[in-house]
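The values are calculated or read from the model by the stated rules, or taken from the named source; none is laboratory data. Since the model is a prediction, treat every value here as computed from it, not as a measurement. Heads up, the Cβs are rebuilt from the backbone with ideal geometry, glycines too, and the neighbour counts pull from every protein chain shown.
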Amino acid sequence: MRIIGIDPGLARVGYGIIDEIEGKKKMLDCGIIETKSTQKEEKRLLEISNDLSSIIKRWNPDSAAVEKFFFYRSSSTISVVQARGVIMMILGKYDLSIKEFPPMQIKLAVTGFGHSDKNEVLKSVMNELNISSPPKPDDAADALAIALTGIYLL
């Protein structure tokens, strides 16, 4: 099984691709889709759409795991929700099975404790994927944790 994990955002969308074959998990790729705040929002959303499509075409995942958005009182809330909508649309375009997980469930699945801090999650991801260097930036590491959750809970 090949899964893409996605950490939604407007400025940065984290993604991580993991293969699981006979119980062994291997990171294939991770990174971010980054948009510039100087661009109009519609151009940023289009960039997310195009870049995510390219990543899906390159890696051909079987399924997707996406962090569920929770509402904050912030000026960026609407923009993040719009970016997430674009992400969900592209995943649907490629007919991927999608599972959504809230942050606490991701932490619980990856570390065994729903209130783990970022460092605990990162250590668990590195251990599970047998990687020696922390994936950078944080959004990419978070996307790998989301992908692992998808593997554990799909």
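Residue under question is Val80, and the condition is that it be at pLDDT below 95 and buried (at least 17 other Cβ atoms within 10 Å of the Cβ); does it hold? Please lay out each step first, then the result.
Details: at pLDDT below 95: yes; buried (at least 17 other Cβ atoms within 10 Å of the Cβ): yes.
Yes, satisfied.
The residues in segment 93-102 that are buried (at least 17 other Cβ atoms within 10 Å of the Cβ) and part of a helix (DSSP H, G or I) can be counted, and the count is 0.
Could you please let me know if Ile78 is touching a residue at least 40 places away in the same chain (Cβ under 8 Å), closer than 18 Å to Arg12 by Cα and in a helix (DSSP H, G or I)?
Details: touching a residue at least 40 places away in the same chain (Cβ under 8 Å): no; closer than 18 Å to Arg12 by Cα: yes; in a helix (DSSP H, G or I): yes.
Criteria not met by Ile78.
Among the numbered conditions (1) over 14 Å from the mean Cα position of the chain (by Cα); (2) assigned to a helix (DSSP H, G or I); (3) over 20 Å from Ala145 (Cβ atoms), the only one that Ile90 does not meet is (1). The selection criterion, being over 17 Å from Lys25 (Cβ atoms), at pLDDT below 95, under 14 Å from the mean Cα position of the chain (by Cα) and of a type outside the set (A, V, I, L, M, F, W, C), does not hold for Asp51.
Screening segment 103-146 for residues that are crowded, with 17+ Cβ neighbours inside 10 Å and among the hydroxyl-bearing types (Ser, Thr, Tyr) and picking the one that is nearest to Val81 (Cα to Cα) gives Ser116.
Results for (1) basic (Lys, Arg); (2) part of a helix (DSSP H, G or I), shown as yes or no for each residue.
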{"site": "Lys26", "(1), (2)": "yes, no"}
{"site": "Ile32", "(1), (2)": "no, no"}
{"site": "Gln39", "(1), (2)": "no, no"}
{"site": "Lys43", "(1), (2)": "yes, yes"}
{"site": "Ser49", "(1), (2)": "no, yes"}
{"site": "Leu52", "(1), (2)": "no, yes"}
{"site": "Lys57", "(1), (2)": "yes, yes"}
{"site": "Pro61", "(1), (2)": "no, no"}
{"site": "Ala65", "(1), (2)": "no, no"}
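For Phe101, the criteria (1) in contact with a Lys or Arg (Cβ under 9 Å, 6 or more places away or on another chain); (2) among the hydrophobic types (A, V, I, L, M, F, W, C); (3) without any contact (Cβ under 8 Å) to a residue 12 or more places away in the chain; (4) closer than 19 Å to Phe69 by Cβ hold in every case but one, which is (3). Scanning segment 7-35 for residues that are aliphatic (A, V, I, L, M) and over 20 Å from Ser133 (Cα atoms), which turns out surrounded by the fewest Cβ atoms within 10 Å (Cβ to Cβ)? Among those residues, the one meeting the criterion is Ile21.
Looking at Thr149, is it surrounded by 14 or more Cβ atoms within 10 Å (Cβ to Cβ), farther than 20 Å from Gly9 by Cα and among the β-branched types (Val, Ile, Thr)? Explain how you work it out, then say what you get.
On the way: surrounded by 14 or more Cβ atoms within 10 Å (Cβ to Cβ): yes; farther than 20 Å from Gly9 by Cα: no; among the β-branched types (Val, Ile, Thr): yes.
For Thr149, the condition - surrounded by 14 or more Cβ atoms within 10 Å (Cβ to Cβ), farther than 20 Å from Gly9 by Cα and among the β-branched types (Val, Ile, Thr) - is not met.
Scanning segment 89-126 for residues that are touching a strand residue (DSSP E or B) at 6+ places or on another chain (Cβ under 7 Å) and not hydroxyl-bearing (Ser, Thr, Tyr) yields a total of 8.
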